[in-house]
Amino acid sequence: TIMHKNVGLADSFLRITVGMFLVSRGAYRGCGPLALFGAMQSASGITRFCPIYHLLGLNTLSSSKPLGHMFK
């Protein structure tokens, strides 16, 4: 199947930033699961596809408020 983007730009930047922080923190502390989680978050920010969003039918692409419309 083709993965369609479901992560908006602001959401993407946040995922990349937090993900890279978690990768560096996990590497510094020797905590593999933390580094792996950070890598997954960075990857979803770079590809702009989140499998969890896909399963839940969520999308942050078309909103001017990055996460606001998901909770209406």
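The values are calculated or read from the model by the stated rules, or taken from the named source; none is laboratory data. This one's a predicted model, so the numbers in the text were calculated from it and none came from an experiment. Here the Cβ positions follow ideal geometry from the backbone for every residue, glycine too, while neighbour counts run over all protein chains shown. The accessibility values were calculated without ligands, DNA or RNA, using every heavy atom of the protein model including side chains. Shrake-Rupley method; radii C 1.70, N 1.55, O 1.52, S 1.80 Å.
Worth pointing out:
- Computed in the context of the full set of protein chains, the accessible area of the range 1-63 at 1.4 Å probe radius has 72% of its extent on carbon or sulfur.
- Taken per residue, the accessible surface of the range 1-67 reaches 70 Å², heavy atoms only and a 1.4 Å probe.
- Mean Cβ neighbour count within 10 Å, used as a protection proxy, ranking 20-26, 44-50 highest first: 44-50, 20-26
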